[in-house]
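Undergrad: What follows is a structure written as structure tokens; I'll ask about it next.
The values are calculated or read from the model by the stated rules, or taken from the named source; none is laboratory data. The shown structure was predicted, so the numbers you read here are calculated from the model rather than taken from an experiment. Cβ placement follows ideal geometry from the backbone for every residue including glycine, while neighbour counts extend to all protein chains displayed. Note: areas computed on protein heavy atoms with side chains; ligands, DNA, RNA excluded. Shrake-Rupley method; radii C 1.70, N 1.55, O 1.52, S 1.80 Å.
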Amino acid sequence: MNKEQIQSYCRRYFQATNTPILRDEPNFLQVELPIEVDKELTDRPYYWMWVEATGQEVKPTVLNLVFDPEVEIEGEEKCELVALGSFRLEKIFESATRRGRFVCQYQHGTSTGLRVPFLVTSLKISYIADRRRDEIRSYGVNLKSNQVIPDLYEQIRELPMTDELPEYYKEQFSNGQFLIASLQTGWQKIKDAVTEEIQSEDHSWAEAALEQLSHEIEQLETYYQSLMFDNQEQMAIYSAERELRTAELKWRCQPRIQVTPLHFALLYLEPTQFTAGSVPI
């Protein structure tokens with residue numbers, strides 16, 4: 001991310017959290033933090049415990065954020081640089097991740113009134129051995145037809161959305177039983193699709209990692225077998241050390257694939273736009 005992208009991300013974060021933006025200029029944002037946002041971005045839990053325990057009224061925190069170290073802001077002496085790795089940006093990332101783990105929205109602005117619930121998720125798929133490769137993939141599933149659609153997020157990211165669901169959907173799912181069952185079924189469909197996709201991939205990297213791991217364990221065994229021991233106590237010490245180092249080597253280099261859910265969304269979408277009208281509704 002460059003400085004313009006970082007500022008754009010921060011601006012969208014503050015808008016999404018209803019944080020007043022007092023000044024918005026090139027390479028500079030001045031914001032007034034609501035209490036809940038302050039708690040997430042300033043990392044002072046004991047202060048807020050004292051405020052809540054004593055009933056004190058406090059002035060909102062104002063942050064002066066600059067996105068270029070060379071910029072000087074007229075009228076502001078104390079400014080904080082926001083860049084990759086900075087404390088404030090890491091806190092914003094953490095807050096956005098926590099707040100955005102699950103959302104529910106409704107598509108609007110289309111010619112038809114037909115909407116179907118979709119479960120959409122982003123997953124981090126990690127290929128781990130002596131080296132590591134991470135991929136972010138998105139999947140969606142039509143909760144009426146159970147059809148899985150890979151990369152659904154990329155198809156819907158620009159669609160107009162609103163938080164307000166139509167009354168007839170609220171009434172339809174008021175007891176929650178159908179929706180809960182569909183979410184469980186939909187999540188299982190996604191897991192099955194991800195498993196099948198991973199199984200069909202080329203896993204020569206894992207075979208090579210196992211071969212390398214076997215070679216390193218063999219070298220480790222050869223080293224300990226070459227040692228000369230003066231007594232049984234010394235032999236027991238080195239035997240325990242060998243087991244510990246072997247276990248550490250396996251933990252570090254054993255090939256494995258780890259799938260971590262990052263975000264979930266329940267979205268009411270027009271279903272025909274993804275499959276040229278062929279999806280059962």
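Undergrad: Could you check segment 80-103 and list, in sequence order, the residues that are open to solvent by 60 Å² or more (accessible area, probe 1.4 Å), within 18 Å of I6 (Cα to Cα) and among the aromatic types (F, W, Y)?
TA: F87
Undergrad: With the requirement that a residue be more than 20 Å from V194 (Cβ to Cβ) and at pLDDT below 90, what does segment 254-274 give you?
TA: Hits for segment 254-274 are Y268, L269, E270, P271, T272, Q273.
Undergrad: Suppose the filter is touching a Lys or Arg at 6+ places or on another chain (Cβ under 6 Å) and within 23 Å of R23 (Cβ to Cβ); does V71 pass it?
TA: The answer is no for V71.
Undergrad: Could you run through segment 208-228 and say how many residues are among the hydrophobic types (A, V, I, L, M, F, W, C) and within 17 Å of E243 (Cα to Cα)?
TA: Qualifying residue count, segment 208-228: 4.
Undergrad: Kindly provide the set of residues from segment 216-263 that are farther than 28 Å from A206 by Cα and of a type in the set (S, T, Y), ordered by number.
TA: Within segment 216-263, S226, Y238, S239 meet the criteria.
Undergrad: Let me ask something additional. If L65 satisfies all but one of (1) open to solvent by 30 Å² or more (accessible area, probe 1.4 Å); (2) modelled with pLDDT of 90 or more, what's the number of the condition it fails?
TA: (1)
Undergrad: What about Y106, is it more than 21 Å from the chain's Cα centre (by Cα), more than 30 Å from L210 (Cβ to Cβ), surrounded by 13 or more Cβ atoms within 10 Å (Cβ to Cβ) and at pLDDT below 85?
TA: Answer is no for this residue.
Undergrad: Still on this structure, I have one more. Can you run down the residue pairs with Cβ atoms below 9 Å, 6 or more apart or on separate chains, where the first is in segment 9-30 and of a type in the set (V, I, T) and surrounded by 13 or more Cβ atoms within 10 Å (Cβ to Cβ) and the partner is at pLDDT below 95 and part of a loop (DSSP other than H, G, I, E, B)?
TA: T17/P34; T19/P34
Undergrad: Only helices (runs of 4 or more DSSP H) wholly contained in segment 1-100 count here; list those with 3 or more residues that are of a type in the set (S, T, Y).
TA: 3-16, 45-54
Undergrad: Of the residues that sit in segment 31-44 and are out of contact with any helix residue (DSSP H, G or I) (no Cβ under 6 Å at 6 or more places or on another chain) and either among the basic types (K, R) or open to solvent by less than 70 Å² (accessible area, probe 1.4 Å) (or both), which one is nearest to E80 (Cα to Cα)?
TA: T42
Undergrad: Also, I was wondering about something else. Within segment 119-142, can you find the residues that are in a loop (DSSP other than H, G, I, E, B) and free of Cβ contacts under 8 Å to residues at least 40 places away in the same chain?
TA: Selection gives R131 alone.
Undergrad: Could you check segment 143-250 for helices (runs of 4 or more DSSP H) lying wholly inside it with 3 or more residues that are open to solvent by less than 60 Å² (accessible area, probe 1.4 Å), modelled with pLDDT of 90 or more and under 30 Å from L266 (Cβ atoms)?
TA: Output list reads 177-199.
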